[in-house]
Amino acid sequence: MDVHVLSSRVLRPGDPNSAPSKAPLTVFDRFASNIYIAVLFAFSPPTPPNDALIAGLSKTLLLFPTLAGRLDYSRRLRRPCLIAGGCGGGALVVEAAASSNLSDHLPLEVSPDFQLLHPSPASAVHVFQVQLNRFACGGLIIGATAHHRVADGQSMSIFFTAWAQTVRGAFVDRPPVYDQSWLKPRCPPHCEFNHWGLEFAPLNSSSVNQIDVDPSEITNMLIRYSADFIQKLRRKAEGKYTTFETLIGHLWRKITVARRLEDRVQTMVRVSVNGRTRLKPPVPNEFFGNLVLNAYPQATAKDLIDEGLPGAAMMIHEAIRRVDDRYIQSFIDFGELYGDEELMPVYDV
């Protein structure tokens, strides 16, 4: 794929003379990986012109000011923070062109060429970056990267929907919610569960159970499952579990077989759990930021295989169920008790 960058600019919505606001990252933000997440959206022609997309983005960022902010550290707050507003920050917008037709690359398959379609996160200084890639046929691929400590997947879905509505001239029916009153710790805060070693690496310790794998041994795969296959899986799992739980259970078992693990070896799968609807009272789905924890279903290789797909789906279901209001509130209190420490997520060690 031949992609040429034509121009770049930084969008800074709002009044540059306004006083910037500084907010400490929540414990959920600090649990998120310290990485950029890239997404690609492909559109066949006709598509709106770049000027319309950029104008819509500028308007949308007024509703989502944190995406035009910048990450920093507050000595006064003694915590990492996000600064929004003022003359700093901004969102990077890149315009690029490809000499080929979009249809030449559809359906999109896993490829190193993907990295040509979005701004590189390696030297990024903006928490949100977008690249508009125009193809010879008039097709468009929008490649975007956002820093995970600013927003989770649910939040970014709300943002992209709002951007699309703004470009179409439609009403933004799901504006973001920034109210963090749902995330208040109890008084006094207390942890009912141990979050050291599970969410954050123990303090003053570099020893975390981690297996380093040679990158050359890892292959990215894109697997497509038909609706009929999914229905067969659900019937095999006795219809008791969600499509997600059933499919993850199927993959977990197949990968375990392929790894040829010994019977007594413990195997685990990590499942992201959206905490918005699990807190009491529930947090609106439009809450913008991070509100995700992980569930860790695990079993010996023998038990996972012997208990079949219903057993695997049940293990996943039960592990997700345990990430409930009590567990999430315990995690919020953990953030209150240890927020001044240099917390490091276990998967960033």
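The values are calculated or read from the model by the stated rules, or taken from the named source; none is laboratory data. Every value quoted in this text rests on a predicted model; they were computed, and no experiment measured them. Here the Cβ is made from the backbone with ideal geometry for all residues, glycine too, and neighbour counts use every protein chain on show.
Brief remarks on what is shown
- Within region 262-278, if we keep just the residues that are without any contact (Cβ under 8 Å) to a residue 40 or more places away in the chain and either closer than 17 Å to residue 308 by Cβ or among the hydrophobic types (A, V, I, L, M, F, W, C) (or both), the residue that is surrounded by the fewest Cβ atoms within 10 Å (Cβ to Cβ) turns out to be 263.
- Elements of type helices (runs of 4 or more DSSP H) in region 279-349, at least 3 residues being of a type in the set (Val, Ile, Thr) and farther than 25 Å from residue 33 by Cβ: none
- Test: residue in region 166-174 that is out of contact with any Pro (no Cβ under 9 Å at 6 or more places or on another chain), of a type in the set (Asp, Glu) and within 18 Å of residue 287 (Cα to Cα): yes
- Subset of region 130-155 [in a loop (DSSP other than H, G, I, E, B), among the hydrophobic types (A, V, I, L, M, F, W, C) and within 10 Å of the chain's Cα centre (by Cα)]: 150, 151
- Which numbered condition residue 249 misses (of (1) under 30 Å from residue 330 (Cβ atoms); (2) small (Gly, Ala, Ser); (3) in the same structural domain as residue 129 (by TED's automatic domain parsing)): (3)
- Boolean, residue 120 is assigned to a helix (DSSP H, G or I), at pLDDT 90 or above, surrounded by fewer than 17 Cβ atoms within 10 Å (Cβ to Cβ) and not basic (Lys, Arg): no
- Region 219-261, residues that are charged (D, E, K, R), closer than 16 Å to residue 307 by Cα and assigned to a loop (DSSP other than H, G, I, E, B): 238, 240
- Members of region 31-53 found to be crowded, with 18+ Cβ neighbours inside 10 Å and either assigned to a helix (DSSP H, G or I) or modelled with pLDDT under 95 (or both), listed by number: 31, 53
- Pairing each residue of region 7-30 that is modelled with pLDDT of 95 or more with any residue that is hydroxyl-bearing (Ser, Thr, Tyr), provided the two are 6+ apart or on different chains, yields C-beta distances under 8 Å for 11/58.
- Here residue 296 meets each of (1) over 30 Å from residue 185 (Cα atoms); (2) modelled with pLDDT of 95 or more with one exception, condition (1).
- Flag if residue 113 is surrounded by fewer than 15 Cβ atoms within 10 Å (Cβ to Cβ) and within 18 Å of residue 38 (Cα to Cα): yes
- Residue within region 68-84 that is of a type in the set (A, V, I, L, M, F, W, C), part of a loop (DSSP other than H, G, I, E, B), within 18 Å of residue 125 (Cα to Cα) and at pLDDT below 95 present: no
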